[in-house]
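One structure below.
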Amino acid sequence: MGLVSAYFRRGWTILRSEVLVLPSRLAVLLFIIALMAVPLFTQDYYILRILILTCIFAIFAASWDLLSGFTGQMNFGHALFFGVAAYVTALLNLDLGFPPYLSIPLGAVGGVLAGLVVGIPCLRLRGSYLALTTLAFPIILTGLVFAMPDITGGELGLSGLSRLTGSRVMDYYLCSSLVVILGFAMWKITDSKTGIILHAIREDEVAVRSSGINTIRYKLLAFCMSGFFAGIAGGLYAHFMRLAGPSTLEVSLSFQVIIWSVFGGMVSIYGPIAGVFILNPLMEVLRVALGNFPSLPEIRMFIFAGLVLVTLLFMPEGLIPWVRDKLENECPRCKLRNVFIRQRCRVCDTSLS
Amino acid sequence: MKTLKLFGLVFAALVLSFALCLPAGAAAPIKIGVLGPMSFTQGEGHWNGASMAADEINKAGGIKVGKEMRPIELVKVDTNEFLSIPDATNAAELAVRRHKVDFLVGGFRTEAVLVMQDIAMDAKKVFIGCGAAHPALCTKVTKDYDRYKYWFRLTPINSKFLGKVDFILLGTVAHIMKKTLGIKKIKVAVVAEKAAWADPIVNISKKLLPAKMGMEVVGVWRPSPVAKDCTAELSAIQRAGAHIVFTTFSSSVGLTFAKQMGELKVPAAAVGINVESQKSGFWGATGGKGEYAETINTYARVEITPKTIPFYDKYVKLYKQAPNYTAGTYDALYILKEAVERVGTVDSDKVVSALEKTDYIDTAGRVVFDKSHDVTWGPNYVTSIGTQWQDGEMKCVWPYHWQKVFYKGTVPYKLAPWIIDYWKNKK
């Protein structure tokens, strides 16, 4: 009992001194609480479907940020990891009867291997050359998918996968928990020593190499980690939709993930997650609001594109960093963030004005 | 007292106005979700066909469910399935769970229909497919009947039978050329757009034509689906001495190919699948150069059944274009109406058992569903048709006394005069 009480006190202390002091952290906490509470208010299949897909795409977008945002390895073909994992998951489930809790992690391993396959030939490439090369990989794989219909199901894809869990609510809890856990894991990676090296590679790779760090290893690591998280998203998608088809490799999906991330705010992990949680449900809100408006997809896309353009025009670093910078100030001395109403830093007491 | 009287008067007026405004026991409508990519011609066909049928049925009083007449309320579900599969599934889920539709019709892209099919089956909603041809959709019914029994396919005939009709059309033209021009061995140029769906047809052609149909394949050409110039292919086909060009086109290349073939007066007959030539705008788009192109089709102004021509004419009058096969939602609504009226309920399980007993003459033929809930193909059932452009009109040229099947209004297939001249002079 004493131990529980001690943990509770420690938790409360962390909450009070680390979370409640910053609006961005408080917002994340409220978001998690709201996310977990949704099924208590509604179990509407339609709403839960949208939120489940949003969670899956949020993991996917964050995985792109890990590679392209933090490490600067601009990937225009991120759907490759998603698609490979979806197909591997589907094959393991359909042919070998693996349940989702095995097929999804193994599908993610497929994503890791895809990361290596892309990463190795791309090691010498940078900038637009790297971006265009990565764009080619999902297109090549789409060709292979069509060339081997006996294995991949061709144009039709692989369908009839077993369900993610037994019910829509359980599917929701699984996906929402994973977006929180994997999002936190990715954020911790970027905050670790490895994350700092990845960040440094993006800023100046030559300087990092001259410091004796094997940048090749770290870049490959970034490709693999990104492939793993994108792979988890791909596996979840395949089981939730009960289908792994050529649409999982489409170029549009690769660009969609970039739009979500840039809109939400790159180099933050939570930015792309927020971007997906704003833009993906927004498209559905527009569907319901516009109803039978003629050319509904085009109108939705027009509004979507307009919103993204306006956001980026006024908030070049993305929506979430812009909001955060409005609500929080960075201490010039210790670099810790403080709520904007504070006059002095909460740790080192330096004047913030 | 005066105030009391005034109050009583206002109250009476309110009661009266409420009584007059309230509909006298109006029956709840039967909601039917029409799934389709509404910004594309396929989705337009879905919606137009369904709207036409719903208007007609509602004007006639609606659907008789037990003792009451219930009107149809259509729910337009834009699936955007060509661009996004998640979008398609969200739209289907919205229709089923929010709009609470009683039945679903439509769907086009097989990958999307597979997922939408699952959504419908989860909710135990009858879903009549009018667009996706892949056999896998119906195979599920035989594999897991209890779950997938709510799925039926009305149009088009499944891709296996589409392929069969494709080769029958080829064989028919080959026979006509042999008979008219005295050619002993027909040489065929296989031309298919570079797309995955066309691959099986190319592979089968290479094997089947020499082995089973006694023809020679002089080459295979795979232009891009969006090619704007096919003269290189056409020159090569002419040099190869092909008598027939066996086409497999679903995209805009079909228009380019047919137009340039007419412009160059290539001495070979084009037959097979050309979706562009199924459209009423084909003649204008090719400037009349697409004349003599033959394709598989579902609708033409021909009496497949007594319902075909009235349907065709009304559709053209309303929408200023010929119906394509996704407009089969028209028949889907009538088939649903018939099934619901027979069982007197909209309960899915009972409607399924009624649909299984369907024997209905619709605009495309006699509809009987087989064990996999697929529409039966063959003589005296739905056959689909072959159409050829002749003098600016889309004419039905097949079945022309095939297996004793002849639809009134069908005309004989015509060879282009330059083909006849070329091969007669060649001899």
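Tabulated results
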{"quantity": "Given (1) touching a Leu at 6+ places or on another chain (Cβ under 8 Å); (2) more than 14 Å from chain B (Cβ to nearest Cβ); (3) on the phi > 0 side of the Ramachandran plot, number of the condition A:Val267 does not satisfy", "calculated": "(1)"}
{"quantity": "Top-ranked residue in region A:24-47 [being hydroxyl-bearing (Ser, Thr, Tyr) and assigned to a helix (DSSP H, G or I); ranked as nearest to A:Asn329 (Cα to Cα)]", "calculated": "A:Ser24"}
{"quantity": "Residue in region A:305-322 that is nearest to the other protein chains (Cβ to nearest Cβ), counting only those that are in a helix (DSSP H, G or I) and surrounded by 17 or more Cβ atoms within 10 Å (Cβ to Cβ)", "calculated": "A:Val308"}
{"quantity": "Selection from region B:264-322 of residues that are assigned to a loop (DSSP other than H, G, I, E, B) and β-branched (Val, Ile, Thr)", "calculated": "B:Val266, B:Thr286, B:Thr298, B:Val302, B:Ile304, B:Thr305"}
{"quantity": "Single residue of A:Leu336, A:Leu352 found to be away from chain B (no Cβ under 14 Å), aliphatic (A, V, I, L, M) and in contact with a strand residue (DSSP E or B) (Cβ under 6 Å, 6 or more places away or on another chain)", "calculated": "A:Leu352"}
{"quantity": "Any chance B:Phe246 is within 19 Å of B:Val202 (Cβ to Cβ), assigned by TED's automatic domain parsing to the domain that holds B:Thr172 and part of a helix (DSSP H, G or I)", "calculated": "no"}
{"quantity": "3 or more residues away from chain B (no Cβ under 14 Å) and touching a residue at least 40 places away in the same chain (Cβ under 8 Å): qualifying helices (runs of 4 or more DSSP H) within region A:103-210", "calculated": "A:127-147, A:168-191, A:193-203"}
{"quantity": "Among the candidates B:Thr387, B:Thr410, residue that is part of a loop (DSSP other than H, G, I, E, B) and either within 19 Å of the chain's Cα centre (by Cα) or surrounded by 14 or more Cβ atoms within 10 Å (Cβ to Cβ) (or both)", "calculated": "B:Thr410"}
{"quantity": "Conditions (1) surrounded by 20 or more Cβ atoms within 10 Å (Cβ to Cβ); (2) small (Gly, Ala, Ser); (3) within 14 Å of the chain's Cα centre (by Cα): number failed by A:Ser177", "calculated": "(1)"}
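For every residue, the table says whether it meets (1) in a helix (DSSP H, G or I); (2) at pLDDT 95 or above.
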position: B:Leu14; (1), (2): yes, no
position: B:Gly25; (1), (2): no, no
position: B:Glu44; (1), (2): yes, no
position: B:Gly49; (1), (2): yes, yes
position: B:Leu83; (1), (2): no, no
position: B:Asp87; (1), (2): yes, no
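Matching residues to (1) at pLDDT 95 or above; (2) more than 11 Å from B:Val302 (Cα to Cα); (3) small (Gly, Ala, Ser):
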| residue | (1), (2), (3) |
| --- | --- |
| B:Gln388 | yes, yes, no |
| B:Gly392 | no, yes, yes |
| B:Cys396 | yes, no, no |
| B:Tyr400 | no, yes, no |
| B:Gln403 | no, yes, no |
| B:Thr410 | yes, no, no |
| B:Tyr413 | yes, yes, no |
| B:Asn425 | no, yes, no |
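The values are calculated or read from the model by the stated rules, or taken from the named source; none is laboratory data. This is a predicted model, so every value here is computed, not measured. All Cβ positions, glycine included, derive from the backbone under ideal geometry; neighbour counts span all protein chains shown.
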